[in-house]
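Step one of this worksheet: look at the structure below.
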2 protein chains.
Amino acid sequence: MRPAKTLERVVPIGTLAERTGVKVETIRYYEQVGLLPEPERSEGNQRRYGRAHVERLAFIKHARDLGFAVESIRTLLRLSDTPGMACDEAHAIAAEHLEEVRDKIARLRSLEAELARIATVCSGGVAASDCAVIEALADHSHCEHHSH
Amino acid sequence: MRPAKTLERVVPIGTLAERTGVKVETIRYYEQVGLLPEPERSEGNQRRYGRAHVERLAFIKHARDLGFAVESIRTLLRLSDTPGMACDEAHAIAAEHLEEVRDKIARLRSLEAELARIATVCSGGVAASDCAVIEALADHSHCEHHSH
DNA sequence: CCTACAACCTGTAGCCACTACAGCTTCAAG
DNA sequence: CTTGAAGCTGTAGTGGCTACAGGTTGTAGG
């Protein structure tokens with residue numbers, strides 16, 4: 001009997017996928033774009049991953065889950081590989097991304113307000129002769145805010 | 001002397017672009033995917049738009065600005081062309097989109113919280129030996145919330 | 001009437017971050 | 001040794017544009 005999967009040190013791509021929650025195709029994609037280094041291969045040319053790969057892929061997944069762009073992750077990985085790490089740069093990337101996320105939230109909130117107004121008018125007791133949703137889209141002057 | 005541009009009833013694509021704030025290439029794209037009907041052509045095969053096109057494109061732009069998918073806009077346009085309009089369906093599309101926007105906001109807020117925590121720790125008075133941003137990304141257990 | 005040049009035309013490729021095949025080969029359990 | 005899951009490469013598709021390349025047309029000034 002072989003050791004349990006969670007204990008094996010050298011694993012095929014499917015097991016790496018299970019452990020990290022990243023799909024097999026996505027792992028190969030990350031390799032292709034240079035986020036994940038090319039692993040060793042079996043005699044039959046299949047990828048064999050070690051502990052370092054698991055950790056690196058977990059890093060990538062976490063960063064992607066937080067919405068970092070692949071390009072930013074490339075930089076963050078490079079920084080984390082650097083001995084005398086440039087923490088300033090890592091912090092700048094995180095701060096910039098935080099700004100982007102906040103901008104996106106602000107924009108979505110403005111959309112939300114406008115959509116809520118449109119949808120509410122329509123579901124409310126407006127005369128059914130014309131559809132309020134269609135009307136609102138046809139005529140921008142119905143908008144309360146023109147920021148969008 | 002010709003009438004001023006804003007008064008002309010039949011205009012080329014560039015003028016339509018100016019009036020609606022939609023780029024020329026995007027207008028051609030909308031035609032290609034069937035949102036905007038094919039206009040008449042000049043003798044030299046150039047597109048000539050009338051008032052109806054301006055209104056339809058304004059509708060499309062407004063809907064896109066509100067984040068509706070092209071596919072939803074296709075349906076909304078079909079509904080608006082229908083005499084006995086199915087307002088229910090239009091309302092359902094708007095309501096569904098509002099839900100999506102709210103979901104997106106919720107997800108982004110959770111990201112924002114996590115990112116703010118990471119960025120703040122790093123800019124705060126943490127010992128400089130290891131970078132908190134890199135650490136946080138490397139080790140998911142540092143997260144307070146595991147929802148993402 | 002002619003020239004110059006902006007605006008137009010079609011068609012194709014690129015962007016991001018995957019995802020989904022098609023058509024093979026390899027691995028491992030029974 | 002057989003079978004079937006899992007692996008392999010390479011390509012195309014997603015959404016909603018955007019950006020060319022390489023040509024044609026429209027129009028204002030001279």
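The values are calculated or read from the model by the stated rules, or taken from the named source; none is laboratory data. No experiment lies behind these values; they were computed from the predicted model shown. We place every Cβ from the backbone using ideal geometry, glycine too, and count neighbours over all the protein chains shown. Just the protein is used for accessible areas: all its heavy atoms, side chains included, with ligands, DNA and RNA removed. Shrake-Rupley method; radii C 1.70, N 1.55, O 1.52, S 1.80 Å.
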Computed over region B:1-85: relative contact order in percent, which uses C-alpha pairs under 8 Å that are six or more apart: 28 percent
J(HN,Hα) series, region B:52-64, from Karplus relation 6.51 cos²θ - 1.76 cosθ + 1.60, nearest Hz, glycine and proline x: 4, 5, 4, 5, 5, 5, 4, 4, 4, 4, 4, 5, 5
Residue-normalised accessible area of region B:2-54, expressed per residue, 1.4 Å probe, Å²: 70 Å²
Burial of 50 Å² or greater, region A:19-65 residues [accessible area, probe 1.4 Å, versus chain by itself]: A:Phe59, A:His62, A:Asp65
Residues with amide H under 5 Å from that of B:Thr82, placed H, sequence gap 5 or more: none
Rounded to 10°, Cα long-axis angle of helix B:87-123 versus longest principal axis of chain B: 30 degrees
Reduced Cα scattering model of chain A, Debye log10 I(q)/I(0), q = 0.15, 0.18 Å⁻¹: -0.84, -1.03
³J(HN,Hα), Karplus 6.51/-1.76/1.60, whole Hz, each residue of region A:39-48, x for Gly, Pro: x, 4, 10, 6, 4, x, 6, 9, 5, 10
Residue (of A:Pro12, A:Tyr30, A:Leu108) at the positive-pole extreme of chain A, dipole from beta-carbon charges: A:Pro12
Label-point gap, in nm, between A:Arg51 and B:Asp103 - each point 7 angstrom along Cα→Cβ: 4.0 nm
Chain B: calculated mean residue ellipticity at 222 nm from DSSP helix runs of at least 4, using -39500 (n - 2.57): -19500 deg cm²/dmol
Pseudo-label separations to other copies for A:Ala106 - Cα-to-Cβ vector, 7 Å, nm: 2.5
Chains A and B, summed buried accessible surface - 1.4 Å probe, Å², nearest 100: 3800 Å²
Cleavage-rule hits (trypsin sites (Lys or Arg not before Pro)) in region A:11-53: DSSP loop, at most 15 neighbouring Cβ within 10 angstrom: A:Lys23
Spherically averaged projected area of the protein assembly as shown from its Cα convex hull (nm²): 25.5 nm²
Residue pairs, from the table B:Lys61/B:Lys104; A:Lys23/B:Lys104; A:Lys23/A:Lys61, whose Cα atoms sit over 18 Å apart: B:Lys61/B:Lys104; A:Lys23/B:Lys104
Under the Karplus curve 6.51 cos²θ - 1.76 cosθ + 1.60, θ = phi - 60°, whole-Hz ³J(HN,Hα) for region B:27-35, x wherever Gly or Pro sits: 4, 5, 4, 4, 5, 4, 8, x, 7
Copies compared at A:Pro37 - label distances in nm, ascending, label defined 7 Å from Cα in the Cβ direction: 6.2
Label distances, nm, A:Arg51 versus same residue in remaining copies, Cβ-directed 7 Å point: 7.7
Tilt relative to chain A, helix A:70-81 - C-alpha long axis, 0 to 90 degrees, to 10: 40 degrees
Accessible surface of the protein assembly as shown, 1.4 Å probe, proportion on carbon and sulfur as whole %: 49 percent
Difference of contour (0.36 nm per residue) and Cα-Cα distance, B:Glu89 to B:Lys23: 20.8 nm
